[in-house]
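Data first, discussion second: the structure below is written as structure tokens.
Read-outs throughout are calculated quantities, based only on the coordinates presented, and are distinct from any laboratory measurement. These figures come from a predicted structure and were not determined experimentally. Note: ideal-geometry Cβ built from the backbone for every residue, glycine included; neighbour counts use all protein chains shown.
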Amino acid sequence: MVSAEFGSFGAAVRRWRDRVPPGSAGLAAAGRRRAAGLRREELALLAGISADYVTRLEQGRATHPSDQVVEALARALRLSAAERAHLFRLAGLAPPGPGTVPGTLTPGVHRLLQRLTGTPVAVFDAAWTLLLANPLYAALMGERPVWDGHGRNGAWWTFLGPPGRVRQGPEARRAMEAALVSDLRATAARYPADPRLGELVAELRAGSPRFAELWESGAVGRHEAARKTVDHPEVGPLTLDCDILTVAGDEVRLMVYTAEPGTPDADRLALLARAGPGAAPPGPTSANFGAAAIT
């Protein structure tokens, strides 16, 4: 049940922010704090938006947040399904229904990311929209601070975005593209009423001849484990194993990169982990979301 005290969008965000301990979100509670909850800057970090925008939302000076922003805030604030729906209504938006791709993360997934501090991990929904990435993934892949349109979607980055840091040969690239399109088609079949997914597919078909060709051909494939080389500007190339883990029942995918123990790649990954998030300079509005391309 949602209390009547959350009468405005800004008030709801502010009060729910106060109840989230920074430690539970994987943040160090450094310095003196007037409250036990998240600071605005910390909420902004977790949600992938600017601290100034969080301030304007809480003060009522920004009154029309997008559904993407509301969804990101709901995840960062650890809202229940009822609270999430209430936050959407306060923003003047219809809450996502049962026919849309789920965008929530269970507490267990959050805890998993907190424990895998030495492993680059990113979490995607069933449409390959980036939901959350730990700092090491962001440091490995680099920041891409895009909020407009489908800028956090891995399929969009793969077919319409600029090149990323992963080095791929033509054959591996073609196989990955076919698998991604096949996977996205299966998601579209499960969620035919999701308007955002429909818009994504339409934009990709219009903007990428390669995507349109694969979509219309009925290409079939799976995005499986692979060895990939990431060209990092500070620590050099890292050859890593990339595994895609599906969380049963939650419709989320975890992309996990690991290095073979005792190799120079493992040493470079450890060096990147010790360097911290600063090894990949954060963007102005997306400090917690790494590059979203499915590579």
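Plainly put, the stretch 43-112 has a radius of gyration that is 0.96 times its Kirkwood radius, both from alpha-carbon atoms, as the Rg/Rh ratio.
Scattering from the stretch 100-234 was approximated by placing one identical point on each alpha carbon and applying the Debye formula without solvent; log10 I(q)/I(0) at 0.10 1/Å stands at -0.35. Between A11 and E260, the distance separating the two model label sites (each 7 Å from Cα on the Cα→Cβ line) works out to 6.1 nm.
In the P(r) worked out for the stretch 66-171, what percent of Cα pairs fall beyond 15 Å? Of all Cα-Cα pairs in the stretch 66-171, 69 percent lie more than 15 Å apart.
Send over the per residue convex hull volume for the stretch 155-261, Cα only, as a whole number of Å³.
Per-residue hull volume (Cα only) is 126 Å³.
For the stretch 185-237, a crude dipole built from +1 on the beta carbon of Lys and Arg and -1 on the beta carbon of Asp and Glu, taken about the Cα centre, is about 220 debye to the nearest 20. Between S217 and A193, residue separation times 0.36 nm minus the direct Cα-Cα distance comes to 6.4 nm.
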